[in-house]
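**Q** Below you will find the structure I want to go over with you.
Read the figures in this text as sums done on the coordinates, not as results from a lab. Just so we're clear, the structure is a prediction, and the values are computed from it rather than from any experiment. Neighbour counts run over all protein chains shown; Cβ positions are idealised from the backbone, glycine included.
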Amino acid sequence: GQQVMQIPQYQHVQEGEDFTTYCNSSTTLSNIQWYKQRPGGHPVFLIQLVKSGEVKKQKRLTFQFGEAKKNSSLHITATQTTDVGTYFCAPERGGSQGNLIFGKGTKLSVKP
Amino acid sequence: EAQVTQNPRYLITVTGKKLTVTCSQNMNHEYMSWYRQDPGLGLRQIYYSMNVEVTDKGDVPEGYKVSRKEKRNFPLILESPSPNQTSLYFCASSPLAGVVGYEQYFGPGTRLTVT
């Protein structure tokens, strides 16, 4: 079945350092969403990417969708302790509109 | 307030004792889904529903049942729970519209322990 690889699984950074998580698929994706889950919380939607090569920014967060629509990334500039949590990519499943498949997530910890 | 609610939030039960976890949304969403979250495995889909009376298996459906008799409710049923179903469960919903999917709204989660 369809698989999504997300790396790294864990990332420990010093506050102020940058952070990037990558999401890769063997198949072409129609669109991809990103979610954040704070410790003890539930996943919360961050953004959706649809177009090839699309780049979207939310303050210190930059989201990219690859030209071939097979990969995506989330980059956080100058991490803060509020960025702590697990970040999931979630492409739409092929042939199943609105139905997502979640990556395993990247758990980010930030040392003050 | 737009939300997805789950009950109970925490449950400790014994092997074989049937249980139901309820999920309800007040946003008139067509799509609803159940996930389980286990350390290192991310969110794995159990069942999903595209609308009333329409349900389908996700990636890990064994040992679970669902029903969608009303648009707002999507209960998860464990007929005979086993210890390997100990997990954190999330219900989610989203509208389905046209070409592009919409964000999923998650409930607060249900932590289930089966002894």
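**Q** Out of the GluC sites (Glu not before Pro) in the stretch B:1-96, which ones are loop residues according to DSSP with at most 14 other C-beta atoms within 10 Å? Please report the intermediate quantities before stating the final value.
**A** Values: sites: B:Glu1, B:Glu30, B:Glu53, B:Glu62, B:Glu70, B:Glu79; in loops: B:Glu1, B:Glu30, B:Glu53, B:Glu62, B:Glu70, B:Glu79.
Here the sparse-neighbourhood loop sites are B:Glu1, B:Glu53, B:Glu62, B:Glu70, B:Glu79.
**Q** Using modelled amide H (1.01 Å from N, peptide plane; none on Pro or chain starts), what sits under 5 Å from the amide H of A:Ser30, excluding residues fewer than 5 places away?
**A** Result for A:Ser30 returns A:Glu92.
**Q** Right, something else. If the cut-off is a Cα-Cα distance under 13 Å, which aspartates and glutamates reach B:Lys18, setting aside same-chain residues fewer than 8 apart in sequence?
**A** Within reach: B:Glu79.
**Q** Can you find, among B:Tyr48, B:Pro61, B:Gln85, the residue farthest towards the positive end of the dipole of the protein assembly as shown? Put +1 on the C-beta of Lys and Arg, -1 on that of Asp and Glu.
**A** B:Gln85
**Q** Which three lengths, in whole Å and largest first, does the stretch B:1-69 cover when its Cα atoms are put on their principal axes?
**A** 34, 26, 25
**Q** Excluding the sites themselves, what is the longest stretch of chain A that contains no trypsin sites (Lys or Arg not before Pro) in a DSSP loop with at most 12 other C-beta atoms within 10 Å?
**A** Counting only loop sites that pass the neighbour cut-off, the longest clear stretch is A:60-112.
**Q** How many nm is it between the label spots at B:Lys18 and A:His75, if each spot is 7 Å from the Cα in line with the beta carbon?
**A** The answer from the label model is 5.5 nm.
**Q** With just the Cα atoms defining each centre, how far is the stretch B:58-115 from the stretch A:47-100? Give it in Å.
**A** One Cα centre to the other: 24 Å.
**Q** Given a Förster distance of 22 angstrom, what is the FRET efficiency for B:Ile77 paired with A:Ser30, based on the Cβ-Cβ distance and rounded to 0.05?
**A** That pair, B:Ile77 with A:Ser30, gives E of 0.10.
**Q** Restricting attention to the stretch A:1-108, which GluC sites (Glu not before Pro) occupy a DSSP loop and are surrounded by at most 14 other Cβ atoms within 10 Å?
**A** Details: sites: A:Glu15, A:Glu17, A:Glu54, A:Glu67, A:Glu92; in loops: A:Glu15, A:Glu17, A:Glu54, A:Glu67.
Filter output for the stretch A:1-108: A:Glu15, A:Glu17, A:Glu67.
**Q** While we're on this one: So how much slack lies between B:Leu11 and B:Asn84, counting 0.36 nm per residue of separation and subtracting their Cα-Cα distance, in nm?
**A** On the way: separation 73, 0.36 × 73 = 26.28 nm, distance 1.46 nm.
Answer, rounded to one decimal: 24.8 nm.
**Q** What are the lysines whose alpha-carbon lies under 17 Å from the alpha-carbon of A:Lys51, with same-chain residues fewer than 8 places away excluded?
**A** Once the sequence-local lysines are set aside, what remains near A:Lys51 is A:Lys69, A:Lys70.
**Q** Please give me, ordered by residue number, the trypsin sites (Lys or Arg not before Pro) of the stretch B:66-115 that lie in loop per DSSP and have at most 13 other Cβ atoms within 10 Å.
**A** B:Lys69
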